[in-house]
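Asks: This is the structure I have questions about; it appears just below.
The values are calculated or read from the model by the stated rules, or taken from the named source; none is laboratory data. As the structure is a computational prediction, the values presented were derived from the model and not from experiment. Reconstructed Cβ throughout: ideal geometry from the backbone, glycine too, with neighbour counts over all protein chains shown.
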Amino acid sequence: MVDQQRPRRSCLAVPGSSQKMIDKARTLPADQVFLDLEDACAPLAKPDARKTIVASLNEGGWGEKARVVRVNDWTTEWTYRDVTEVVEGAGANLDCIMLPKVQTPEQIHALDLLITQIEKTMGYEVGKIGIEAQIENALGLVNVDAIATASPRVETIIFGPADFMASINMKSLVVGEQPPGYDVGDAYHYILMRILMAARAHDKQAIDGPYLQIRDVDGYKRVAGRSAALGFDGKWVLHPGQIDAANEVFSPKQDDYDHAENILDAYSYFTSEAGGRRGAVMLGDEMIDEASRKMALVISGKGRAAGM
Ligand code: GLV
Ligand code: MG
């Protein structure tokens with residue numbers, strides 16, 4: 001069984017071709033690390049990077065981090081070798097395969113079949129390796145519900161803003177920031193909401209993609225704050241300097257966490273026999289009911305997962 005609930009506030013991208021960066025990544029406080037065979041890895045470096053990734057996963061030292069490998073998308077000639085070498089070589093020490101530029105549910109299905117074959121051949125537990133699906137173009141977004149449900153292995157739906165902006169001809173070169181000339185709202189709102197709705201409808205995690213201005217931590221916090229406010233579970237980090245920001249932004253604030261716990265305590269007391277079996281009750285000046293309990297459960301669940 002795949003684990004749909006692992007924490008993914010910070011998802012650190014690491015080029016699979018850099019042993020130095022992989023070694024450093026082990027020591028960093030990111031919830032997830034993904035070793036990249038796609039865009040952060042030059043075409044001629046991919047064969048060696050597969051070997052470096054397999055050895056690094058098998059060496060261990062990753063603590064509680066989710067261990068993910070991003071393979072190349074199905075339109076390239078690299079995908080099957082990426083998946084075969086990585087899953088055959090390190091399937092016992094790997095949590096998920098990330099598939100970029102997913103456009104159709106068949107692409108998820110094909111990956112599921114290939115992983116299943118390898119698991120059976122190698123004697124691994126069948127179905128344990130999850131899939132992370134990156135939505136990076138219009139067709140992927142239009143098909144996002146079918147993509148989310150194409151395999152029980154799917155754990156996350158990820159927004160890939162850089163490729164997405166290029167694919168829809170958005171007139172901007174600064175990933176994550178608003179395109180110049182669009183001054184009537186957030187140009188990403190629909191895309192983020194569409195991905196979030198698919199994730200929530202099908203019980204998957206929603207992950208926001210990269211922010212490329214890696215030295216602008218305030219900018220990172222501002223953009224991450226938007227997707228966190230909507231309900232996203234986490235965001236990519238491209239640089240160690242963004243990790244603390246992601247962990248902070250995607251954890252509840254202490255006041256909100258304490259408030260959520262108070263709501264849960266008050267509501268469970270007042271709806272119990274001893275508290276009078278009431279429906280809506282007062283907590284200070286605030287009226288709380290079953291819907292308040294559900295909202296509080298979200299905040300408290302995120303806080304507990306973050307160790308609050
Ligand atoms: C990530 O892969 C992106 O394209 O933003
Ligand atoms: Mg991309």
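Asks: Counting only residues that are among the acidic types (D, E), more than 25 Å from R26 (Cα to Cα) and over 20 Å from the mean Cα position of the chain (by Cα), how many does the stretch 65-90 have?
Replies: Number satisfying all stated conditions: 1.
Asks: OK, next. Would you point out which residue out of K101, K120 is at pLDDT 95 or above and in contact with a Ser or Thr (Cβ under 9 Å, 6 or more places away or on another chain)?
Replies: K101
Asks: Which is acidic (D, E) and either more than 16 Å from ligand 2 (Cβ to nearest atom) or touching a Cys at 6+ places or on another chain (Cβ under 6 Å) (or both), of D244, D163?
Replies: D244
Asks: Do any helices (runs of 4 or more DSSP H) entirely within the stretch 129-213 hold 2 or more residues that are closer than 22 Å to V71 by Cβ and within 11 Å of ligand 1 (Cβ to nearest atom), and if so, which?
Replies: Correct list: 161-167.
Asks: What are the pairs, 6+ residues apart or on separate chains, where a residue within the stretch 186-200 that is within 13 Å of I135 (Cα to Cα) and in contact (Cβ under 8 Å) with a residue 60 or more places away in the chain has its Cβ under 9 Å from a residue that is charged (D, E, K, R) and surrounded by 17 or more Cβ atoms within 10 Å (Cβ to Cβ)?
Replies: That search, which allows pairs on different chains as well, returns I195/D208.
Asks: Looking for whichever is free of Cβ contacts under 8 Å to residues at least 60 places away in the same chain and touching a Lys or Arg at 6+ places or on another chain (Cβ under 6 Å) here; the options are E119, E77, E85. Which one fits?
Replies: E85
Asks: Additional query: Taking the condition within 16 Å of ligand 2 (Cβ to nearest atom), surrounded by 15 or more Cβ atoms within 10 Å (Cβ to Cβ) and either at pLDDT below 95 or basic (K, R) (or both), does L212 pass?
Replies: Considered against the rule, which asks whether it is within 16 Å of ligand 2 (Cβ to nearest atom), surrounded by 15 or more Cβ atoms within 10 Å (Cβ to Cβ) and either at pLDDT below 95 or basic (K, R) (or both), L212 comes out as yes.
Asks: I'm trying to understand the selection: among the residues of the stretch 114-128, which are surrounded by fewer than 15 Cβ atoms within 10 Å (Cβ to Cβ) and not in a helix (DSSP H, G or I)?
Replies: Matches in the stretch 114-128: G123, E125, V126.
Asks: Among the residues of the stretch 79-129, what is the count of those that are of a type in the set (S, T, N, Q), within 16 Å of ligand 2 (Cβ to nearest atom) and more than 21 Å from D145 (Cβ to Cβ)?
Replies: Here the count works out to 1.
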